[in-house]
Every structure is written in C-alpha cells, then in structure tokens.
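One structure is given below, encoded as structure tokens.
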Amino acid sequence: MFDKILIANRGEIALRIHRACREMGIRTVAIHSEADASAMHVRLADESVCVGPPAVGKSYLNVPAIVAAAEVTGAQAIHPGYGFLSENARFAEIVEAHGLAFIGPTAEHIRVMGDKITAKEAVMNAGIPVVPGSPGAVESFEDGKKIAAELGYPVLIKAASGGGGRGMKLAPTAADLKEAMETASAEAAAAFGDGTIYIEKYLTTPRHIEIQILADSHGNVVHLGERDCSLQRRNQKILEEAPSPALDSTGRKKIGEIVRKAIESIGYRGVGTIEFLWEHGEFYFIEMNTRLQVEHPVTEAITRIDLVREQIRVADGAALEFSQKDVTFEGWAIECRINAENPRTFIPSPGTITEFHAPGGLGVRLDSALYAGYSIPPYYDSLIGKLIVHGRTRTETLLRLRRSLEEMVVGGVETTIPLFLDLLEEPEFVNGDYHIHWLEEWLSSRTD
Ligand code: ADP
C-alpha cells in the first residue's frame with residue numbers, strides 16, 4: 001500500500017482525503033496556493049508545498065509544480081479530489097509517466113467519459129438508457145433543425161465538453177434554435193476550447209438521480225445505490241439525499257443492476273457516478289463523472305462504506321473486500337452544501353470567520369475546513385462546508401437537519417444556512433415532491 005499520498009486539492013475535500021489516508025496509516029502531502037498558506041488542509045497534512053500564486057491556473061492547476069511537489073516529497077500517488085485536475089486525462093497520463101499512481105480511473109476512461117458525446121455512445125452500447133437526441137455532434141443548423149423537429153420541441157443544446165452547468169442552451173421552439181445553437185457553441189468554445197455541440201430532448205420536470213459505482217482492477221463492480229440531486233439552482237446541486245424519495249427497492253435494484261453490468265463491460269476502475277434524469281418512471285443517462293462527487297457522503301452514510309478508502313485501495317491494485325450482496329442500505333441521509341453567499345442573492349461573501357461552532361450529535365457529520373479566525377479567500381468557489389445528517393427515516397433526518405442547522409454558527413460572513421431553514425418549511429420539499437426546476441420556481445415565487 002502507498003505510504004505517502006499528495007492531495008492535489010484544497011478546502012473540505014482535501015481534508016476529507018487526508019482523513020481517509022490517516023485512518024489507513026498513509027502520510028499526506030498538501031499543496032496550496034499563496035492564498036491558502038494558513039488553510040486547515042495545510043495545517044493538518046504531514047507536509048505541504050506551495051505550488052504558486054492564488055490564481056488556480058498558476059497553483060491548483062499547475063501540473064509541473066504539482067508533479068514536482070510529489071517527487072520532492074516522495075509521495076507515491078496523487079489524489080485529485082473533485083474539480084481542478086480530477087477529470088483531466090492528460091494529467092492522469094503525466095502522473096503515471098512520472099511513475100506515480102493517479103487515484104482515479106485510467107486516462108482512457110476519463111477521456112471517453114469526459115466528452116459527453118463519446119460517453120453517451122459508450123454507455124448506450126453497454127445497455128444504459130439515454131436521453132433521446134442527436135446520434136452525435138450536430139455540425140450545421142440544417143442538421144440541427146431536422147433532428148430537433150424529429151425529437152419535438154423543447155430541445156436542449158449541449159456542449160460535448162460542457163461541465164458545471166455551462167454550455168447548455170434551451171430552444172423552446174423552432175424559432176429559437178439557431179440562436180441557441182450559436183450561443184451554446186460560442187460559450188463552449190470560450191470556456192472549454194471546444195465548440196462541439198449536440199442536441200437532446202428537453203425533459204420538462206425530471207428528477208436528477210445518480211448511481212454510485214465502485215470498481216476494482218480485477219473485474220469486480222458494485223453499485224452503492226442512488227442519490228437524488230434534484231434540488232438545483234442554475235443546474236448546480238444545492239442539496240442531495242440518499243435514497244431518492246421517488247424510487248422503491250425494485251426500481252433501485254433494476255437500475256443498479258443495469259449500471260453495474262454496463263460498468264463491468266467497459267472495464268472501468270475506481271469510483272464513478274452515472275447521472276440520469278428520471279421522468280415518469282424512466283431513466284435517461286446524461287453523463288458520467290469519473291471522480292469522487294461532492295455529495296458522496298450521503299452514500300457513505302447509508303452504506304457505511306468509506307468511498308475514499310476504497311478509491312485508494314483499488315488505485316493500488318487491491319480487490320474489493322465485498323460484493324454486491326454485501327451492500328445494504330440503512331436509513332436516510334441528506335447533505336446541504338453551505339456556501340459563503342448571501343442566501344437571497346447568492347452573491348459570494350468572502351471574509352474572516354469571527355465565530356464558528358460546528359453542530360454535532362448522533363447522525364451529524366460536518367465536512368468543512370473552516371475555523372474561527374480563518375479568512376475565506378475570494379479566489380475560489382464559495383463552498384465552506386457540507387452538513388450531512390443521517391437518520392432512520394426521512395422524517396427523522398429532516399428533524400435532525402433542522403436542529404443541526406440551528407446549532408451551526410458561522411460569524412463574519414453570510415451563509416446559505418437560512419436558505420435551508422426556509423426550505424424545511426416548504427411542504428413540497430418536506431414531502432420529497434420536487435423536480436430539477438422546483439427550487440428556482442420556489443426562489444422566484446418568494447415575496448417576503
Ligand atoms: P454538467 O456537466 O454541466 O453538470 P449535465 O449534463 O450533468 O451537465 O446536466 C446538468 C443539469 O442540467 C442536470 O442535472 C439537469 O438539471 C439539466 N439537464 C441536463 N440535460 C437535460 C435535459 N435533456 N433535459 C432537461 N434538463 C437537463
């Protein structure tokens with residue numbers, strides 16, 4: 001087993017990985033930008049290396065500096081976390097070319113799944129149902145018009161290399177198609193250096209339900225059930241729960257088995273998430289993420305499986321110690337993504353934390369790198385913590401969520417804690433009766 005791992009990330013996820021390493025007896029190397037010298041992930045790691053100035057392009061995405069940091073500290077593997085370099089196939093190749101292990105899938109799998117068009121093709125061939133759409137890239141307006149007419153409006157124009165909700169444009173009618181195609185392509189070219197687009201049927205009120213999988217390099221694959229991530233703002237997840245209020249155990253088994261077999265057939269290794277839209281009882285694949293997800297703790301809560309530990313073990317060539325029949329689901333878990341933002345306008349609120357109190361008690365987990373006196377730098381995303389609560393039933397979990405949110409104190413900056421407290425007053429949310437547009441509709445209907 002590795003005895004030293006470099007964590008190529010920051011914030012709560014760097015801490016999360018550090019914790020798994022520690023429990024496995026593995027030493028850790030933190031990297032940080034000049035703005036993060038006093039960050040908690042740096043304080044807790046065994047060693048740390050400054051890899052550049054605050055701008056992410058010069059630090060957390062600075063591949064030569066990161067690989068050099070691993071070499072000088074004698075780390076044997078690099079864990080990329082999520083975001084940053086986690087889905088960069090070239091980075092995975094460079095890491096391996098330097099004789100280090102990349103804690104993730106092979107560069108080839110990252111590449112295939114990183115392009116939404118090739119990903120869709122690959123999973124379709126492996127038996128996974130996909131959203132109806134163009135058979136591949138759409139190169140001209142004429143082709144787009146034909147395909148959209150066949151699919152029926154509204155349609156969604158998506159970028160092959162899109163991510164984080166960017167590069168997506170809705171065309172409600174035929175009259176909107178040209179502009180939607182042009183803007184989606186231009187935006188994707190500017191953001192991702194690739195303007196390739198494709199077209200999908202736009203589903204009006206689906207839920208976002210994703211399946212967590214875990215695979216070793218010996219052909220063993222398990223699925224760890226689903227997460228429901230339908231509570232979104234601007235196509236970004238805000239709150240996630242496991243299991244989904246919409247699925248029963250038959251539905252869960254059925255989709256889990258389809259995904260498990262498909263992943264087995266493509267020979268994937270590592271953790272991965274197959275994301276679906278779910279409408280009228282049917283699943284439609286949208287994309288696969290070849291990395292640890294922000295919302296992985298809700299799965300950990302109901303399966304009692306440490307996903308980061310498993311990720312490290314399989315990257316080292318170890319076989320899974322359990323099979324599908326050993327995976328059982330217990331209770332209900334909900335995660336709130338707490339951001340340093342105004343809870344009404346969502347304008348970021350960086351600054352110094354004057355007071356901090358973490359909620360605790362049975363079934364409460366807070367993944368956060370905050371501490372009193374810490375200054376949130378303005379250069380990075382505004383996630384300051386993930387509150388994960390677990391209970392025997394969804395009702396118990398909601399009650400626990402409320403009391404945990406009420407206990408949590410973050411002084412000095414604005415946070416989205418009040419947003420979650422308000423949500424807990426909403427009967428539709430409380431009943432689990434919401435789809436991917438519900439939150440935005442609710443936000444715009446609030447008058448007080
Ligand atoms: P990204 O990689 O940018 O996150 P995804 O393909 O995962 O993009 O989609 C993000 C979100 O966009 C989904 O969770 C869903 O809310 C919405 N979305 C994506 N495809 C469709 C579709 N065909 N119809 C309706 N909404 C969609």
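The values are calculated or read from the model by the stated rules, or taken from the named source; none is laboratory data. Since the structure is predicted, the reported quantities are computational estimates derived from the model, not experimental observations. Cβ: placed from backbone, ideal geometry, glycine included. Neighbour counts: every protein chain shown. Surface areas here come from the heavy atoms of the whole protein model, side chains and all, with no ligands, DNA or RNA. Shrake-Rupley method; radii C 1.70, N 1.55, O 1.52, S 1.80 Å.
Identify the residue in segment 173-205 that is assigned to a helix (DSSP H, G or I) and of a type in the set (Asp, Glu) and, among all such residues, is nearest to Glu282 (Cα to Cα). Looking at the filtered set, the residue picked out is Asp176.
Selection of segment 228-279 for residues being on the phi > 0 side of the Ramachandran plot and at pLDDT 95 or above yields Gly267, Gly270. Residues that are surrounded by fewer than 16 Cβ atoms within 10 Å (Cβ to Cβ) and among the small types (Gly, Ala, Ser) within segment 308-350 comprise Gly317, Ala318, Ala319, Ser323, listed in sequence order. Just to be sure, is Glu210 in a strand (DSSP E or B), open to solvent by less than 10 Å² (accessible area, probe 1.4 Å) and within 14 Å of the ligand (Cβ to nearest atom)? Considered against the rule, which asks whether it is in a strand (DSSP E or B), open to solvent by less than 10 Å² (accessible area, probe 1.4 Å) and within 14 Å of the ligand (Cβ to nearest atom), Glu210 comes out as yes. Restricting segment 13-40 to residues that are part of a helix (DSSP H, G or I) and open to solvent by 10 Å² or more (accessible area, probe 1.4 Å) leaves a set whose member that is farthest from Phe84 (Cα to Cα) is Glu23.
Every condition in (1) under 29 Å from Phe84 (Cα atoms); (2) buried (at least 22 other Cβ atoms within 10 Å of the Cβ); (3) modelled with pLDDT of 95 or more is met by Leu170 except one, and the failing one is (2).
Okay, residues lined up against (1) basic (Lys, Arg); (2) more than 26 Å from Ile31 (Cα to Cα); (3) assigned by TED's automatic domain parsing to the domain that holds Val259:
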{"position": "Leu85", "(1), (2), (3)": "no, no, no"}
{"position": "Ala89", "(1), (2), (3)": "no, no, no"}
{"position": "Ile117", "(1), (2), (3)": "no, yes, no"}
{"position": "Lys146", "(1), (2), (3)": "yes, yes, no"}
{"position": "Ala189", "(1), (2), (3)": "no, yes, no"}
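Scanning segment 274-302 for residues that are open to solvent by 10 Å² or more (accessible area, probe 1.4 Å), more than 13 Å from the ligand (Cβ to nearest atom) and either within 22 Å of Phe102 (Cα to Cα) or in contact with a strand residue (DSSP E or B) (Cβ under 9 Å, 6 or more places away or on another chain) (or both) yields Glu300, Ala301.
Checking Ser404, Ser368, Ser375 one by one, the residue that is in contact with a strand residue (DSSP E or B) (Cβ under 8 Å, 6 or more places away or on another chain) and open to solvent by 50 Å² or more (accessible area, probe 1.4 Å) is Ser375 and no other. Checking each residue in segment 123-146 for being in a helix (DSSP H, G or I) and open to solvent by less than 30 Å² (accessible area, probe 1.4 Å) picks out Val123, Gly144.
The residue of segment 215-232 that is farthest from the ligand (Cβ to nearest atom), among those that are within 13 Å of Ser244 (Cα to Cα) and in contact with a Phe, Trp or Tyr (Cβ under 7 Å, 6 or more places away or on another chain), is Gly225.
Scanning segment 253-273 for residues that are over 17 Å from Arg111 (Cβ atoms) and surrounded by fewer than 17 Cβ atoms within 10 Å (Cβ to Cβ) gives Lys253, Lys254, Glu257, Lys261, Glu264, Ser265. Within the option set Ser249, Ser230, Ser244, being polar (S, T, N, Q) and open to solvent by 20 Å² or more (accessible area, probe 1.4 Å) holds for one residue only, Ser249.
Of everything in segment 95-122 that's away from the ligand (no atom under 16 Å from the Cβ) and part of a loop (DSSP other than H, G, I, E, B), which residue is most open to solvent (accessible area, probe 1.4 Å)? Going through the qualifying residues, I end up with His98. All conditions but one from (1) open to solvent by less than 60 Å² (accessible area, probe 1.4 Å); (2) away from the ligand (no atom under 16 Å from the Cβ); (3) in a loop (DSSP other than H, G, I, E, B); (4) closer than 25 Å to Asp216 by Cα apply to Tyr60; the one that does not is (4). Pairs linking a residue in segment 133-146 that is closer than 14 Å to Thr173 by Cα to a residue that is hydroxyl-bearing (Ser, Thr, Tyr) and within 16 Å of the ligand (Cβ to nearest atom), with Cβ atoms under 9 Å and 6 or more positions apart or on different chains, are Gly144/Ser134.
Of all residues in segment 173-201, those being farther than 13 Å from Ala137 by Cβ, more than 14 Å from the ligand (Cβ to nearest atom) and surrounded by fewer than 21 Cβ atoms within 10 Å (Cβ to Cβ) number 12.
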